[in-house]
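Structure record follows, encoded as structure tokens.
No lab work stands behind these numbers, since they all come straight from the coordinates. Small disclaimer: the values here were computed from a predicted structure and weren't measured. Virtual Cβ from ideal backbone geometry, glycine too; neighbours counted across all protein chains shown.
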Amino acid sequence: MDANTDRKAWMSTLAKAPAELLSRLWADFGETPEFEFLRTPEVGGAMVRGRMGGTGAAFNLGEMTVTRCSLQLGSGEVGHAYVQGRDKAKARIAALVDALMQGPQADVVRATILTPLVDHLQTQRALRASKAAATKVEFFTMVRGED
């Protein structure tokens, strides 16, 4: 995996993570590093777009609330975060994790924060899939002997 693909993956994980779990994992991680806000956590809106079948012409689905944050660690790494909703604390933690993942602590951050988040999200996805599978209806066509 290249660096951009890897960063997209952890940014996606941070954006999808439940705020309570992310906060708990961050608290267990240890001391918050020294940082300076480039953009304090702020709430705004974003237009959500969709495509019919994933390939059709794009259309505006509606707006959603997002919170964004940008910061720079004392060591120079810059972290960004965009999270759904109005949770400024989650945006700050996600930006801190993004910045730390670009520095020498990346392996520790991956093991203590990102891996448990990925495991949780995969478990939740599997649970939703099993609930959906329980409601699946199999349709079949019976062949009539008249032909």
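Note on the chain: GNM, Cα springs under 10 Å; of A57, A111, A89, the largest mean-square fluctuation is that of A57.
Spacing of the modelled spin labels on V48 and Q84, each 7 Å from Cα toward Cβ, amounts to 0.6 nm. Obtain the radius of gyration and the Kirkwood radius of segment 48-132 from its C-alpha atoms and give Rg over Rh. With Rg and the Kirkwood Rh in hand, the quotient comes to 1.09. Considering every alpha-carbon pair of the chain, the percent of pairs per 5 Å bin, from zero through the bin containing the longest distance, is 2, 8, 14, 16, 16, 14, 9, 6, 4, 3, 2, 2, 1, 1, 1, 0, 0. Under 19 Å of direct C-alpha separation, and excluding same-chain neighbours fewer than eight residues apart, K90 reaches these lysines: K8, K16. The residues R68, R86, when put in order of fewest to most other Cβ atoms within 10 Å, stand as R86, R68.
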